[in-house]
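A short worksheet on the structure shown next.
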Amino acid sequence: MRRVYSLYSTSVGKKYTMAVSGAIFVVFVIVHMFGNLKVYLGPEAFNHYAEGLREFGAPFLGHEWFLWVFRVGLLAFLLIHTVAAWQTSRQSWAARGQKYKKQEKLVFHYASRTMRWGGVALLLFVVYHILHLTTGTLHPDFIPGDAYHNFVTGFRSLPVVAVYFAAMIALGLHLYHGTWSAFQTMGLDGPRIKRWREPVAIGVALLVVLVNLSFPVAVYTGILQ
Ligand code: HEM
């Protein structure tokens, strides 16, 4: 345990921690996006999927057991990712006086500032999103147990659509910079990898943003009802 902590206390250790916990979120966001695509198959398919998440592991596991284990795990990784990001920021503020080439400093500074504020925006979005579509606290027409209804009535107001648009842009930038710097952290920056690192980072970010934005757009324009 002490060895794990002494590795974590280095700045490389923190970056590894961010890369690994970040990769878990990338997988979650992609799986969540594919799951949400079921909404295009209609109410029955989508509600069946939502219920399946709650019954996952039956008959060995009880109602929502898997979901709760999953939620606790996700929250733990979110905390780890956020604490490591916060501590890395503090370290880089402390090292501010150090000399970089001017151009390098500018690019680095821009990317890390985007990551920091984008990360805070995403945290706020996740809280809003859970209160909106999971608990229904901020949903004016929420029916417990009817995930399809909550989905297609959840994006009928322009301010809600605007919040999701802003959040997906923040998510796209975070995914792009995050994937890119995770490659760097893992030492995956040889000439061959460098050639496809950029397209992979852009491709993942674009796919997630465009598919996720299709949901509020489809509801708002009446395609999904
Ligand atoms: C427009 C894009 C999105 C849509 C339409 C969407 C849709 C949904 C829906 C319908 C639920 C409730 C599922 C249920 O209760 O059965 C949900 C839950 C959730 N979503 Fe999203 N989501 C989107 C984007 C995101 C993003 C980008 C993240 C993470 C960064 C995210 C994280 C979560 C989390 C953590 C939950 C709670 C899961 C739980 O504990 O039950 N979602 N989402």
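Just a few scattered comments:
- Index of the failed condition, P43 passing every other in (1) surrounded by fewer than 13 Cβ atoms within 10 Å (Cβ to Cβ); (2) farther than 25 Å from L123 by Cβ: (1)
- Single unsatisfied condition, V120 versus (1) within 11 Å of the ligand (Cβ to nearest atom); (2) under 12 Å from the mean Cα position of the chain (by Cα): (1)
- In the range 138-152, the residues that are in a helix (DSSP H, G or I) and in contact with a Gly (Cβ under 9 Å, 6 or more places away or on another chain): Y148, N150
Any read-out appearing in this document is the output of simple, stated calculations on the displayed coordinates, not a laboratory observation. Computed from a predicted model, the values in this text were never measured in an experiment. As a convention, Cβ positions derive from the backbone with ideal geometry for all residues, glycine included, and neighbour counts pool all protein chains shown.
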